[in-house]
Amino acid sequence: MLSAGSVRAKNAKNIILLNLLDACFGCLAWYATGWAFAFGDPSQLPESEGGGYAWTGSPFIGHKYFFQAGLDRTSYAIWFFQFTFAATSATIVSGAVAERCKFECYVAYNLLLVSFVYPVVAHWVWSPWGWMSASRTQATASSGYVLLFNSGVYDFAGDGPVHMVGGFASLVAARVLGPRIGRFDAAGTPVDMPGHNASLTLLGVFLLWFGWYGFNPGSTNAILGEWVGFSSISAAIAVNTTISAAAATVSTLLVSMLHQYLSLGVVVWDLIIAGNGALAGLVAITGGCAFVQTWAAMLIGFIAGLVYYGLSKLILHRLRIDDPLDAIAVHAGGAAWGMLGCAAFAAPNMVEDWYGPYPGAVLVDGVYSQSREYGFIMGGSGALLAAHSVYILVIAAWVCGIMTPFFLLLNRLGLMRVPPEVEAMGLDISYHGGSSYPHERPVAGSNGSLRLGSEAVRASCMNLIGCSSFLPAARGLRPNVAGMPRSWGRGSCLLAGLCCLCLKTARRAWYSTARRFGSAAPAPAEVSDAAGHKHVHAAAGHPLGALMTHTACCLLPL
């Protein structure tokens, strides 16, 4: 819904199909290699057999259970849950390349992300063998240290594997693919290209917000835990998720309004910007949702809205990268800030509720000899900030280092971008059997866009009085109205409508009078245009009817 509403009507089918196939191709890729690379680690032996591991896992990548070979059925639940995360990382990219990307390119990058790029990052942070994981122990540490900077990375629900992977891949894809035709004028100034349905866009935001409660609280994977009841952790996560999204929506709406007021002198409450702000708040709290208190979650969300808005303007106006859904700013920007926010506000008791005591710490008089690292604003040492900073930089290097040559190769082979004529006509008509709105008439020369607003009013009035065939000529008489206030356009449409009614009444009176006095006034002629649409025209033998028709056609475009 979010993607469909954010693109133009002529490309709605295409983006919906891509979102559907994200789940399909993603499932196949996750089945083949994704799970194996992410969680293909040795299982712990039972206590009767020593309690160790049958073989040594890798800190970089998993290497077992390809095509689920040897995978116990008790792991299917987590397999399915992790598949949804993997598919989401690929879905993010489809928004950044919308309206101009070839289907072959989409399939290729989807398979690469889900089968290899995402699983490796997931292994780093979520596998007990991963080199950045905070779940490592002395038994799983195979690289000379236990925890990175003595803390590891606290990424609870996927700021790195899901949102930074998808966001940085979107950045590379949109940069290589280039902007949509007409997105920038000759001077490099962005030209507005709004989506065709704000209602669909906001419906998508609400559905995502609701679904986030499955991602964040659902990532506990249980109700009861070894250290504390997971139900209390899930409840705290749900509260943090909600308040972060709410604060981000408000901050984005306010900064957008203030920017518009200072720039143009008008107050604009932008609905689409507010929706994207909510998503940025949800993304930002994803990594640290289990480790920060409610007031910190609100602050993280509020700042996330500002970060999103600033990055969105930077990417479009300075870098001139065309991202129809603002996926880069929402996901890469929101996730990076979220990990830094977690490093600042992580509370010590909440960290240990989830991860348990520090690996190898000894309990002395009810106190462990070494505690977990926590946020530097909360009194921590800054080690967590160092770990999270490395986390962000390494993911950016990993994703960009793989996806940049990949997209450049596709572009070189001509497999990345649709031809200009196809882009202008719309991908729905070109590739998907017709428009998503088959009952709507496109405006001539509009390449499949819908007839909306005052254009529709003028066209309807033309058909009403029988002069639609004169519309192109009438447009030629239209004065230059660039910069005309919008209210003038509404007024002119209202005036045109009143003129139509008066002229139609006069024309009917003319024919009625002619028939009453025995004049051989022919009836109005019904003709069809090239498109097969019927129109009623005044007969050429009646000067008054012809005069009325021509006069109306000259007035209506004004």
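Numbers for the structure displayed
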read-out	value
From the options Phe215, Phe302, Phe291, Phe230, residue that is open to solvent by less than 20 Å² (accessible area, probe 1.4 Å) and aromatic (Phe, Trp, Tyr)	Phe291
Residue check, Ser151 open to solvent by less than 10 Å² (accessible area, probe 1.4 Å), closer than 20 Å to Ile285 by Cα and free of Cβ contacts under 8 Å to residues at least 24 places away in the same chain	no
Residues of the range 370-393 satisfying the condition of being without any contact (Cβ under 8 Å) to a residue 40 or more places away in the chain and over 18 Å from Arg136 (Cα atoms)	Phe376, Ile377, Met378, Gly379, Gly380, Ser381, Gly382, Leu393
Residue in the range 349-368 that is touching a Pro at 6+ places or on another chain (Cβ under 6 Å) and modelled with pLDDT under 95 present	yes
Test for Leu112: is it aliphatic (A, V, I, L, M), out of contact with any Ser or Thr (no Cβ under 7 Å at 6 or more places or on another chain), at pLDDT 95 or above and open to solvent by 30 Å² or more (accessible area, probe 1.4 Å)	yes
Any pair with Cβ under 7 angstrom, 6 or more apart, that starts in the range 111-133 at a residue that is on the phi > 0 side of the Ramachandran plot and ends at one that is open to solvent by 30 Å² or more (accessible area, probe 1.4 Å)	none
Residue satisfying condition, being at positive phi, buried (at least 20 other Cβ atoms within 10 Å of the Cβ) and among the charged types (D, E, K, R), within set Asp326, Asp365	Asp326
Some residue of the range 125-146 being out of contact with any helix residue (DSSP H, G or I) (no Cβ under 8 Å at 6 or more places or on another chain) and more than 30 Å from Leu45 (Cα to Cα)	no
Residue list for the range 373-388, restricted to those being in a loop (DSSP other than H, G, I, E, B) and over 12 Å from Ala134 (Cβ atoms)	Gly375, Phe376, Ile377, Met378, Gly379, Gly380, Ser381, Gly382
Those residues of the range 350-368 which are acidic (Asp, Glu) and within 20 Å of Gln293 (Cβ to Cβ), in sequence order	Glu352, Asp353
Criterion violated by Met193 - all others in (1) open to solvent by less than 40 Å² (accessible area, probe 1.4 Å); (2) in contact with a helix residue (DSSP H, G or I) (Cβ under 9 Å, 6 or more places away or on another chain) satisfied	(2)
Residues satisfying the stated conditions in the range 269-281, i.e. open to solvent by 50 Å² or more (accessible area, probe 1.4 Å) and of a type outside the set (Phe, Trp, Tyr)	Leu271, Ile272
Every residue from the range 14-32 that is open to solvent by 20 Å² or more (accessible area, probe 1.4 Å) and either at pLDDT below 95 or under 14 Å from Thr91 (Cβ atoms) (or both)	Ile16, Leu17, Asn19, Leu20, Leu21, Ala23, Cys24, Phe25, Cys27
In the range 173-190, the residues that are over 17 Å from Arg318 (Cβ atoms) and surrounded by fewer than 24 Cβ atoms within 10 Å (Cβ to Cβ)	Val176, Leu177, Arg180, Ile181, Gly182, Ala186
Verdict on Gly360 being surrounded by fewer than 23 Cβ atoms within 10 Å (Cβ to Cβ) and in contact (Cβ under 8 Å) with a residue 40 or more places away in the chain	yes
Hits in the range 88-104 - residues which are in contact with a Phe, Trp or Tyr (Cβ under 8 Å, 6 or more places away or on another chain), buried (at least 24 other Cβ atoms within 10 Å of the Cβ) and of a type outside the set (S, T, N, Q)	Ala90, Val93, Val97
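The values are calculated or read from the model by the stated rules, or taken from the named source; none is laboratory data. The model shown is predicted, which means the values in this text are computed figures rather than measured ones. When we count neighbours, we look across all protein chains shown, and the Cβ atoms used for this are built from the backbone with ideal geometry, even at glycine. Protein only, heavy atoms only, side chains kept; ligands, DNA and RNA dropped before computing areas. Shrake-Rupley method; radii C 1.70, N 1.55, O 1.52, S 1.80 Å.
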